[in-house]
Number of protein chains: 2
Amino acid sequence: MRPKLTLKQIAKELDVSISTVSKALRDSPEIGEDTREKIKAFAKFYNYKPNNIALSLKNRKTKTIGIIIPEIVHHFFTTVISGVEKVANEMGYNVIICLSDNSFDKEVINMEMLANGSTDGFIMSLAKETMQKGDYHHLIEVISQGMPLVLFDRVVDQILCDKVIIDDVLGAQKAVQHLIDIGCKRIALLSTVDYVSVGKLRTQGYKLALEENDFELDEDLILKIEEMEESEEKIEHFLKDKDVDGIFAVNEHFAISAIKYIQEHGKRVPEDVSVIGFTDGELSKRFIPSLTTVSQHGTRMGEEAARILIEKLEKTPGEDEQYRTVIVETGLVKRNSTKSLK
Amino acid sequence: MRPKLTLKQIAKELDVSISTVSKALRDSPEIGEDTREKIKAFAKFYNYKPNNIALSLKNRKTKTIGIIIPEIVHHFFTTVISGVEKVANEMGYNVIICLSDNSFDKEVINMEMLANGSTDGFIMSLAKETMQKGDYHHLIEVISQGMPLVLFDRVVDQILCDKVIIDDVLGAQKAVQHLIDIGCKRIALLSTVDYVSVGKLRTQGYKLALEENDFELDEDLILKIEEMEESEEKIEHFLKDKDVDGIFAVNEHFAISAIKYIQEHGKRVPEDVSVIGFTDGELSKRFIPSLTTVSQHGTRMGEEAARILIEKLEKTPGEDEQYRTVIVETGLVKRNSTKSLK
DNA sequence: TTTCAACACGAAAACGATTTCGTGCCAGTG
DNA sequence: CACTGGCACGAAATCGTTTTCGTGTTGAAA
């Protein structure tokens with residue numbers, strides 16, 4: 001076992017001082033050409049690489065950014081991560097990932113953990129429980145310490161920071177509008193409960209689209225689901241005696257559960273009922289029928305978030321402290337779960 | 001903006017020495033009761049937390065483990081990550097994730113990056129390109145520096161280290177055996193090229209099962225696919241005039257592409273052709289027909305890998321240096337893409 | 001010959017924490 | 001009164017870098 005080479009060892013080996021070695025490696029003109037070459041050759045030969053921890057301590061920068069998300073086994077979040085990773089890598093940053101598991105406590109613990117020197121800034125999407133509690137002291141704490149924070153997807157108005165979101169309202173509205181355009185008359189909404197901001201906003205979009213087309217809002221056509229686990233059951237129960245010809249679901253799973261139920265009960269998708277989901281995952285693409293969805297462009301959100309964060313990190317503090325909210329546009333990907341336009 | 005509190009500041013504020021503060025906070029009996037209480041009260045009030053970077057430098061441990069995987073937008077890998085995260089969190093470790101993007105160069109760069117003090121050890125699955133090249137100098141380098149390495153899934157015999165794998169041969173064999181059991185006579189294999197170890201091993205299992213049942217091996221029934229992108233096309237071409245009644249695919253995507261083709265050409269799954277995939281993802285579960293698959297238990301692999309790594313990390317070096325290979329059992333999840341046993 | 005840059009390098013502080021080893025003071029003992 | 005031991009605390013080294021500020025040597029100019 002050969003431990004890592006340090007400046008000190010090089011110095012001893014070549015019989016010069018530590019500072020000389022450091023300067024030589026950083027091409028300081030202070031050092032004579034011959035010693036410089038000698039040191040660089042030695043370092044190269046033994047593959048010297050400076051210790052990141054020491055550098056972090058000295059520079060008070062870690063060159064890593066922390067991502068805190070509710071869960072990772074979820075296509076949307078992984079695309080965001082890969083977007084962040086890509087930009088971070090290009091800019092010489094590392095990415096450290098923590099999962100809150102949708103728990104407030106874990107979110108707080110992870111954040112405090114990372115805030116103690118492990119990362120320079122945060123990119124995060126809030127845990128469901130956090131939004132429910134409305135307790136954001138950990139975010140405020142981190143911001144007040146001067147660490148940049150970029151929220152994405154599950155954001156909250158009370159916190160002043162950069163944000164990357166999609167236009168949930170417009171996305172939902174466009175989806176429902178499409179259902180109306182292809183002739184749907186009774187359109188159901190499968191949503192999550194309102195304290196999850198996306199649920200609320202997408203519901204808004206749903207209502208807006210109905211309104212614009214002079215459809216009457218029927219609260220009986222709206223289902224709000226609390227737990228992922230019970231979704232299938234709830235949806236089946238909900239659809240039991242509803243006579244709908246269009247369904248807008250706020251995620252893939254709800255959409256697919258709905259399609260399954262419909263098909264099992266003698267109707268066809270999209271001939272009898274058109275279904276649109278939200279979030280464009282593998283599932284939507286390969287399901288049969290493939291799903292028409294509002295696509296969220298997770299990768300782009302991740303890239304955007306990373307760019308904003310790194311920009312903040314590399315700007316000398318004090319420069320105009322402005323917070324941006326970037327809205328990543330959604331797209332409507334038309335596939336086979338909706339009728340085509342007449 | 002209020003910067004983070006340090007020992008030095010507390011010391012100055014309370015007019016004692018830095019060492020006294022440090023000792024007081026760590027409950028050293030050296031410090032008198034009254035000063036100790038005073039310091040602890042102050043620290044608590046101002047929410048002092050030691051700086052991780054400084055601790056890392058001092059202790060020569062970062063308490064973080066590095067994960068390097070080919071890609072993250074892949075259900076299997078995310079389950080592994082969440083398994084690692086879970087165990088790591090319980091043991092007070094952080095997780096830092098890098099993606100190799102299946103590129104050898106990126107894998108090397110990431111590894112060198114993290115090895116310079118950022119992590120205490122590695123959990124990784126090799127990039128396709130790395131296995132193709134057969135160049136593992138970066139792994140050897142890291143191991144020789146005394147950093148524990150745990151390989152999972154895409155592992156390689158030449159490297160001596162701990163490994164967590166599934167029994168690909170047995171998993172494949174069981175799958176094919178099941179096809180035989182339900183009466184399939186002509187069973188095709190959709191595999192990847194051989195330098196991806198899983199492709200090779202699963203092909204072995206396929207052959208083994210045939211052999212055991214005195215089936216004749218027909219090389220024409222084996223398709224090896226190089227690139228994910230061309231898979232759909234290749235599979236369609238391959239199935240064109242093959243008269244098969246069973247298909248074993250080494251992943252979900254191949255399986256689904258096959259099903260699509262079969263259905264589009266007037267045959268039914270599972271009535272005419274039974275299909276089994278590998279890796280139990282969301283897609284398999286919710287596809288129609290839902291897929292019978294060999295499930296890989298990614299979470300368990302992640303947990304296992306993390307446990308092994310942390311154990312190595314916390315063991316004083318020198319203690320018997322033994323490498324383990326843990327085999328996580330696969331399961332055959334029977335769903336609707338295969339006929340039921342007669 | 002003296003003086004003064006320029007050159008090439010080293011000593012030391014700093015980042016924030018832990019830890020070893022003093023050290024001053026006081027009480028108790030012979 | 002002198003000695004010893006324990007208590008409560010501080011100084012300094014350490015981890016591996018970077019960087020500022022010397023400092024000794026040389027060569028050239030006066």
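The values are calculated or read from the model by the stated rules, or taken from the named source; none is laboratory data. Model, not experiment: these values are computed from the prediction. Virtual Cβ from ideal backbone geometry, glycine too; neighbours counted across all protein chains shown.
Going by the conditions given, is B:VAL326 out of contact with any strand residue (DSSP E or B) (no Cβ under 6 Å at 6 or more places or on another chain), among the hydrophobic types (A, V, I, L, M, F, W, C) and crowded, with 16+ Cβ neighbours inside 10 Å? No, not satisfied.
What pairs come out if I take residues in the stretch A:29-54 that are closer than 17 Å to B:ALA115 by Cβ and pair them with residues that are loosely packed, with under 11 Cβ neighbours inside 10 Å whose C-beta lies under 7 Å away, six or more apart or interchain? So the pair list comes out empty.
The conditions of being aliphatic (A, V, I, L, M) and either over 27 Å from the mean Cα position of the chain (by Cα) or assigned to a helix (DSSP H, G or I) (or both) are met by A:LEU309.
Regarding B:LYS12, is this residue in contact with a strand residue (DSSP E or B) (Cβ under 7 Å, 6 or more places away or on another chain) and within 16 Å of DNA strand C (Cβ to nearest atom)? The answer is no for B:LYS12.
Evaluate the following for A:LEU126: is it under 21 Å from A:VAL80 (Cα atoms) and either within 13 Å of chain B (Cβ to nearest Cβ) or part of a loop (DSSP other than H, G, I, E, B) (or both)?
yes
Scan the stretch A:27-69 for residues that are under 28 Å from B:ASN51 (Cβ atoms) and more than 11 Å from DNA strand D (Cβ to nearest atom) and jot them down. Before you say what the answer is, go through the steps one by one.
Residues of the stretch A:27-69 that are under 28 Å from B:ASN51 (Cβ atoms), as a first pass: A:48-69.
Residues satisfying the conditions are A:LYS61, A:THR62, A:LYS63, A:THR64, A:ILE65, A:GLY66, A:ILE67, A:ILE68, A:ILE69.
Every residue, every condition in (1) out of contact with any Leu (no Cβ under 9 Å at 6 or more places or on another chain); (2) in the same structural domain as B:VAL250 (by TED's automatic domain parsing); (3) closer than 21 Å to B:ALA258 by Cα, yes or no:
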residue	(1), (2), (3)
B:LEU149	no, no, no
B:ASP157	yes, no, no
B:LYS185	yes, yes, yes
B:LEU190	no, yes, yes
B:GLY205	no, yes, yes
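For first residues located in the stretch A:140-157 and within 11 Å of chain B (Cβ to nearest Cβ), partners that are in a strand (DSSP E or B) and lie 6+ apart or on another chain with Cβ distances below 8 Å form the pairs A:VAL142/A:PHE122; A:VAL142/A:LEU149; A:ILE143/A:LEU149; A:MET147/A:GLY121; A:MET147/A:PHE122.
B:GLY117 fulfils the conditions (1) in a loop (DSSP other than H, G, I, E, B); (2) at pLDDT 95 or above except for a single criterion, (2).
A:GLY83 meets the conditions (1) in a helix (DSSP H, G or I); (2) surrounded by fewer than 20 Cβ atoms within 10 Å (Cβ to Cβ); (3) among the small types (Gly, Ala, Ser) in every case but one. The failed one is (2). When the stretch A:151-173 is filtered for residues that are of a type in the set (Lys, Arg) and surrounded by fewer than 21 Cβ atoms within 10 Å (Cβ to Cβ), only A:ARG154 remains.
Of B:ASP101, B:ASP105, all but one fail to be modelled with pLDDT of 95 or more and more than 13 Å from DNA strand C (Cβ to nearest atom); the exception is B:ASP105.
Candidates in the stretch B:1-48 are the residues that are under 45 Å from the mean Cα position of the chain (by Cα) and among the small types (Gly, Ala, Ser); of these, the one that is nearest to the other protein chains (Cβ to nearest Cβ) is B:ALA43. Identify all residues within the stretch B:110-129 that are of a type in the set (S, T, N, Q) and under 10 Å from B:SER100 (Cα atoms); write none if there are none. B:ASN110, B:SER125 - these are the residues of the stretch B:110-129 that are of a type in the set (S, T, N, Q) and under 10 Å from B:SER100 (Cα atoms). In this entry, B:GLU85 is excluded by the filter for residues that are within 14 Å of the chain's Cα centre (by Cα), more than 7 Å from chain A (Cβ to nearest Cβ), within 18 Å of B:HIS297 (Cα to Cα) and among the charged types (D, E, K, R).
Before we move on, is A:SER274 in contact with a Cys (Cβ under 9 Å, 6 or more places away or on another chain) and within 24 Å of A:GLY183 (Cβ to Cβ)?
Values: in contact with a Cys (Cβ under 9 Å, 6 or more places away or on another chain): yes; within 24 Å of A:GLY183 (Cβ to Cβ): yes.
When the stated conditions are applied, A:SER274 passes them.
Filter the stretch B:258-272 down to residues that are touching a residue at least 60 places away in the same chain (Cβ under 8 Å) and within 33 Å of the chain's Cα centre (by Cα) and give me whichever is nearest to the other protein chains (Cβ to nearest Cβ).
Within the stretch B:258-272, the subset touching a residue at least 60 places away in the same chain (Cβ under 8 Å) is B:258-259, B:269-271.
Now narrow it down to the ones that are within 33 Å of the chain's Cα centre (by Cα): B:258-259, B:269-270.
Numbers: B:ALA258: 12, B:ILE259: 8, B:VAL269: 11, B:PRO270: 15 Å.
Step by step, filter the stretch B:258-272, then rank; the result is B:ILE259.
Quick check on the stretch B:49-70: of everything there that is within 10 Å of chain A (Cβ to nearest Cβ) and touching a strand residue (DSSP E or B) at 6+ places or on another chain (Cβ under 6 Å), which residue is farthest from B:SER125 (Cα to Cα)? Checking each candidate, the answer is B:THR64.
One line per residue, one yes/no per condition, for (1) surrounded by 19 or more Cβ atoms within 10 Å (Cβ to Cβ); (2) without any contact (Cβ under 8 Å) to a residue 60 or more places away in the chain:
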residue: A:LYS240; (1), (2): no, yes
residue: A:HIS253; (1), (2): yes, yes
residue: A:LYS285; (1), (2): no, yes
residue: A:LYS312; (1), (2): yes, no
residue: A:LYS315; (1), (2): no, yes
residue: A:GLY331; (1), (2): no, yes
residue: A:LYS339; (1), (2): yes, no
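Table: residues versus (1) aliphatic (A, V, I, L, M); (2) modelled with pLDDT of 95 or more; (3) surrounded by 23 or more Cβ atoms within 10 Å (Cβ to Cβ); (4) not in a helix (DSSP H, G or I).
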site: A:LEU190; (1), (2), (3), (4): yes, yes, yes, yes
site: A:LYS200; (1), (2), (3), (4): no, no, no, no
site: A:GLU229; (1), (2), (3), (4): no, no, no, yes
site: A:GLU236; (1), (2), (3), (4): no, no, no, no
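If the requirement is being crowded, with 19+ Cβ neighbours inside 10 Å and within 16 Å of DNA strand C (Cβ to nearest atom), which of these qualifies: A:THR78, A:THR62? Full working, then the answer.
Details: A:THR78 fails: within 16 Å of DNA strand C (Cβ to nearest atom).
Sole residue among the options that is crowded, with 19+ Cβ neighbours inside 10 Å and within 16 Å of DNA strand C (Cβ to nearest atom): A:THR62.
Tell me, please, whether a residue that is of a type in the set (Lys, Arg) and in a helix (DSSP H, G or I) can be found in the stretch B:42-63. Yes, the stretch B:42-63 contains at least one residue that is of a type in the set (Lys, Arg) and in a helix (DSSP H, G or I). Within the stretch B:210-235, the residues that satisfy the criterion of being of a type in the set (D, E, K, R) and within 30 Å of the chain's Cα centre (by Cα) are B:LYS224, B:GLU226, B:GLU227, B:GLU229, B:GLU230, B:GLU232, B:GLU233, B:LYS234.
Listed residues A:ASN102, A:ASN47, A:ASN110; which is under 24 Å from A:ASP27 (Cβ atoms) and polar (S, T, N, Q)? Step through it out loud before you land on a result.
On the way: A:ASN102 fails: under 24 Å from A:ASP27 (Cβ atoms); A:ASN110 fails: under 24 Å from A:ASP27 (Cβ atoms).
Residue meeting the stated conditions: A:ASN47.
For the stretch A:29-57, a residue qualifies if it is surrounded by 12 or more Cβ atoms within 10 Å (Cβ to Cβ) and near DNA strand C (Cβ under 8 Å from one of its atoms), and the qualifying residues are A:ILE31, A:THR35, A:ARG36, A:ALA54, A:LEU57. The requirement of being assigned by TED's automatic domain parsing to the domain that holds B:GLU311, surrounded by fewer than 20 Cβ atoms within 10 Å (Cβ to Cβ), modelled with pLDDT under 95 and not in a loop (DSSP other than H, G, I, E, B) is satisfied by B:GLN132. Within the option set A:GLU90, A:GLU112, A:GLU85, being more than 16 Å from DNA strand C (Cβ to nearest atom), assigned by TED's automatic domain parsing to the domain that holds A:LEU309, within 30 Å of A:ILE166 (Cα to Cα) and without any contact (Cβ under 8 Å) to a residue 40 or more places away in the chain holds for one residue only, A:GLU90.
Surrounded by 18 or more Cβ atoms within 10 Å (Cβ to Cβ), within 12 Å of DNA strand C (Cβ to nearest atom) and under 22 Å from A:ARG60 (Cα atoms), is that true of B:SER22? No, not satisfied.
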